[in-house]
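In what follows, a single structure is set out as structure tokens and then discussed.
Please treat every number below as a calculation from the coordinates, not as lab data. Everything numeric in this text was worked out from a predicted model, so none of it was measured. Here the Cβ is made from the backbone with ideal geometry for all residues, glycine too, and neighbour counts use every protein chain on show.
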Amino acid sequence: MCKATGGSAFLSTSRSEGVPRPIGGQLEAIPRPFGGQLEAVPNGRGRAVPNGRSVERSERPFASAFGRPFDRSQTTCEPPPPPSQDQDVKSTAVMKYASVESPVRFSVLQKLTDLKLPPANWLRSQEGATGIKSNMSWGTGSGEPFSSLSMANTFLETVDEVDVITDAENIKKLLKIPFSKGSVSMAVHRVGRTLLLDEFDIYSSLLRAERENWRWLRDFYLEHVLENVKEKEKIFSRKKKTRDYLQNRSMFSKFLYRSIEDGKEGESPPSYSEVCGEEGEEGAVGSCPDEANSRLAQGQSLSNGDLLPEPADPSLRSEFQRNVLWTFEDIRMLIGTDMPIFGGGTHPAVSLRLRDMKKPINVLTGLDYWLDNLMCNVPELVMCYHLEGVVQQYELIKTEEIPNLDASRFSPQVIKDIAQNILSFLKANCTKEGHTYWLLKGNGDDVVKLYDLTTLCSENMEDKTSNPFSVPVAMLLYRVARNMLMDSNCHKEDFLTVRKLLKQCIELLDEDKHPEIVTSANYLLSDLFVPDDPNEDPCVPASSDTADQEFWDSSFYDDNDDDDVSQDGDNLAVAVIKSVEDLYEREKYRSSGNRPPNEARQPMSVEERARAALSYVSKAMMLIDSYASKLAPPKPAPFPSPSKAIPLHYAKLFQNEDDSTSKPEAVGGQEENSSFKDPVVSEDTPSQHALTPCHNISKDSWEGQLKILLLKKAATAYFALSDVANTLGRYGCALRYLRLALLCYDAFSALSFGLPHENRNLQTSLLTLAGDVQLMMAKHVDNHQVYETELEVKSQDDAIISRSAKQELVKPLCSKHDWATEFFMHDIESCLETSVRCYEEAAIRTNRKESHNQFLNVNKRLGNVQNEIGVILMNRAAGMEHGPEQDKTLKKSQCAFESGIGAFRAAMDTTNIALLHSNTGRLMRVWAQSCVQHEKEGKRGEFSHQERIYYNKARDHYMKAVHILKDRSAFPMVWDSVQWELSTTFFTMATLLQDFAPLSIKAEEQVEKEVVDLMTRSIRYCDTETESPRQPLAQYRAATIHHRLASMFHNAYRNQSEDQKRKQARSQAEHHYGKACRLFQQLEHPCELTRVQLERVALCEYQLGGQTTAGSKVRTLSTALGYMAECREAMHIVYKELGPDEEDTTPDGENTTSNDLSKNQTVVSSLVPREESEKLLNILESRLQHLLHTLIKTAASGKARRAGKATRHLPSSQLDQYKKVYASCLRGMAESSAGLMRRVQNMADTLALLPP
């Protein structure tokens, strides 16, 4: 308590709680202000400041009313009791914007100052310097009708982040509802999670007859609202402004101006940011962020956000002195206030109030003072008391003491509950963005009603703009949605909110009056479904996952997803608070703020999302074209044809009834033949006249900038559709979408020429996909009829977008990239050539450093299609006759392979480089075959030098491939393929040299030496050990090589004259015959095995001719018969393969060395030609009989026997066995007329009798 001990006349008289505290008196403790820190401050030399900071101030106390310092010895001050814990509320205020940087220094007026007299500075000082509104609207409750919209547009970043945006006076009105009998009328709008509150003056807006724009609401008010009001005095009427009210208002204004210090003495007070809270990062003192969305400077790169239009509305700027981000408990609010804040000395921030000493302070006044100080974070209140306008005394009151003043006591906790209940009530019922809600409470009425005016009055509105709130709200919705999308922290979870905002914006605006905003909103809606980057997640199927698909459900595109709000109480009101006393109850109204769970819906596919984006793009393009057509000059009248008469439309002055019936037909006929009719585009008329835009859109205008974005968006969406169609194998649809995509891209490039757009990625992606589609069409020639049908389909959106895009091209019917999407019916080569051109153009436009992966991908595709072309041309040349056309085809194939190798080299793809070298080697072999020379009889000539050149080139390419691959570990399949082809090249070359030796230019020995070298190399690259599908073929080739080498050495043995060379040839022949037999026996090839054994027998027979002794002959004959015995297994295999019924077995002369890798070794070994088997059987029978006869005869000769004893060369038992075999052989020869199967069986049995 404070007690006066001296005679200062500046103190008030005694009050129930004690004498008011004088300014400058001694303070033992200063309780913590809201948002500050509790500090003990002796003698007024410190202060409690927010954020725990203490600032030193001047020690000079405030002057008294009479201009002299206050004597502290005259006053004893006891600190008031601290507020109880249950009375504390959490309140913080952060200044977002202030037009006055520092609180205004104020001076204490002298006693008996007459406030009725105007001061010298009254209404002359600038608001920015004094912080006092000239119109004194603060505290009167008459705010601007769109103040919340102005604040929201100024501070877009707070929308959807705070709970409420409004004038501070509206907050006070809402919180005073339970204490006041007065009326409350507010317009409420919802934007995301934020509520916008504005005062809605019923008299000025509805009841004045001259306000025609509110007629729809006036009819609703008079018809429905006033009917529910029982007492007439509760009817809203115009606010009465009495003479006393105006005088008190004028006197308060003069008091504030008198309280401003002249500034000549003393130091300036601290800034408001130091006293009342730190300003946020979002704003700065003295600057309003209304230029946050300004365009970039010239020369900087443009983004999509820079090209979107900005709403030009002078009302979209906050006019408050201060904008404060106020947090009251858990409620965040952005408020605007014009309360003047003064400061000076030891009291750096105070609010001034003027009170008549005859009138006590009531609850409403105390609540008003307390809330004002809380909102501005002002720790103290200075009350100036007057009697009939004459100053009597001052009183200093702490903000936290205001709720405890007598006659105005209230509980801060109750105020907190009221605030939470009102906010929950509004959030639970104001659920639709863009709708205008009306919160209404009549005079003396305890019922508070909430109406949805947009829904209730939609039938009474003449058009969309009948509601004055529609345009400002729509502009705010657009700016908030645009700001959210342009924010780098925007997540997919925010897309649903953005979509709702944009759709409501379109619903509220008239597209004829605001075409740029409606068009931009449609573009932003399309951007939600399809991003600008074609390789980004939502469009490309390969990069979309399950979680993403679940987010893009069908509810995202559902137009009828507004929440249904149940009506309560009044059948017209959305919700009703039946009694204001309900607001006292804690958590009476709850609002979770969450949407009810949706039913399970199918996720939107990439195709559906792209189609949704295109629908918005087509709407936007229609608006732009319609707007441009209105700006275009009128079309000139068509020039009349000189061959047709100009019809004169006239009517008879006097018309009979009979003439009246026939006149319409005549007039109709004249209209049909009229030459003044609008020209019709026919086949002979150039169609560009019909497609030429009636207004040339400039890229600097809003329609040009938006059309640039829309064309790029359309191209991206069509790219996504084409990619999906290509994945599904619908190549006709893919080609159609690509036509539209490239058309839009060409129009985009033409319209944005000179602007620094980054569009190479889109162009590269489109050309790459076009190359893919053309390649797949070349591979599916049989389905070209289906693809042609798919090309003809076109939706309405496609037609609109196509027509709008063609208007921006110089030649509407000829796109810059029309060649890329040309359809070639049953023309494989043209499809592949177009694919190559697409990939080449894409590779040229791809930056290797910036888009390294894309560069590699394009070059790999280019190399692949070049390989396809090379293979097709190579196969075509292989079937052609030798001539210039074949040479031309072979050269084109070679060029294709070389280009493919270059592309893969650029892509650093070593595997495919090796494969293309392998294919080039194969091409060289085909080229070598085309150089074969034929003799006059049609027989093949000698192996020519030209063939050798191409085979050597083939060898070089295969060797390059082997060198690139290095070993089998990295790419085993490719390695095996190249090794096989290289072995084949050596084998083919050796075979040709052996069979068609160039003896005219080389000696036989040289040819044999070269053949041996080539055969040896072929075996070296023929892998017979590794298990693979090609292993049986490799083994067969190795056996064949050994067989050929043995035959060659056998021939050399026969023809060689020198004994040493003969021995070497015989040794080599026997060596290779042995290897060939083992391999053929392992592969179960009976015919080849039998042939090799017969050649070995022939070698023995030739050797027998040079022997003279009986012993050597017997040994040679025994060896030959041993070779014969090894054919026994071959005969069993022949018998098994031919089958028991020889009538079911047909001869087959196919080549068993087929390169078909799908066949296993059983298939190869099962091919037993009947004719060859029978031929070999005949030879086998004859040679066996001859060998047995010769052996028996040699062994039984007189020279070979002595004294009736057998010689040492052949035992008698063995000789007897040979005789039995010979007898069996003769019996078999006697049955030569028997079937083949029987003969084979007999031969097998005969061979079984041979001794080991």
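One decimal place: the segment Thr727-Ser250 gains 163.9 nm when fully extended, by the rule 0.36 nm per residue minus the C-alpha distance.
Quick one: if the Förster radius is 60 Å, what FRET efficiency do Ser830 and Glu1174 give, using the C-beta to C-beta distance and rounding to 0.05? After rounding, the FRET efficiency stands at 0.65.
Of interest is the spacing of the C-alpha centroids, which for the stretch 151-202 and the stretch 944-962 amounts to 88 Å.
On the beta carbon distance between Ile844 and Glu881, with R0 = 41 Å, the FRET formula returns roughly 0.55. Multiplying the residue separation of Thr789 and Ser579 by 0.36 nm and subtracting their alpha-carbon distance yields 68.6 nm. Working from label points 7 Å from Cα in the Cα-to-Cβ sense, the Leu387 to His963 distance is 11.8 nm. The packing ranking of peptides 777-789, 1051-1063, highest mean first, is 777-789, 1051-1063, where packing means the average number of other beta carbon atoms within 10 angstrom of each residue. Computed packing ranks the peptides 1184-1197, 425-438 as 425-438, 1184-1197, most packed first, by mean other Cβ atoms within 10 Å. Taken one residue at a time, the phi angles of the stretch 842-853 give Karplus couplings (6.51, -1.76, 1.60, θ = phi - 60°) of 5, 5, 5, 8, 9, 7, 5, 7, 6, 10, 5, 5 Hz. Gly and Pro are set to x.
Sum up the charges of everything whose Cβ sits under 12 Å from the Cβ of Ile1133, counting Lys and Arg as +1 and Asp and Glu as -1, but leave Ile1133 out.
Values: positive: Arg1128, Lys1136; negative: Glu1084, Glu1088, Glu1129, Glu1137.
Here the charged neighbours net out to -2.
Excluding Lys1002 itself, what net charge comes from residues whose Cβ is under 12 Å from its Cβ, given Lys and Arg +1 and Asp and Glu -1? My count for the surroundings of Lys1002 gives -3. The distance between label points at Val932 and Ser698 comes to 7.6 nm (points 7 Å beyond Cα on the Cα→Cβ vector).
FRET efficiency for the pair Asp1245 and Ser1212, taken as 1/(1 + (r/R0)^6) with r the Cβ-Cβ distance and R0 = 30 Å, rounds to 0.80. Magnitude of the charge dipole for the stretch 711-782, about its Cα centre and with charges confined to Cβ atoms of Lys, Arg (+1) and Asp, Glu (-1), is about 120 debye. Packing here is the average count of other Cβ atoms within 10 Å per residue, and on that basis the peptides 365-377, 468-480, highest first, run 468-480, 365-377. Cross-linked pairs Lys953/Lys1002; Lys1113/Lys1220; Lys888/Lys966; Lys1136/Lys1175; Lys181/Lys588; Lys359/Lys449: Cα-Cα separations exceed 23 Å for Lys888/Lys966; Lys359/Lys449. Of the cross-linked pairs Lys176/Lys427; Lys892/Lys960; Lys116/Lys358; Lys707/Lys779, which ones have a Cα-Cα span greater than 26 Å in the structure shown? Over 26 Å apart, Cα to Cα: Lys707/Lys779.
Here the spin labels are modelled as points 7 Å beyond Cα on the Cα-Cβ line, and at Ser1000 and Lys181 they lie 13.3 nm apart. The residues neighbouring Ile335, those whose beta-carbon lies less than 12 Å from its own, together hold a net charge of -1 under the Lys/Arg +1, Asp/Glu -1 convention.
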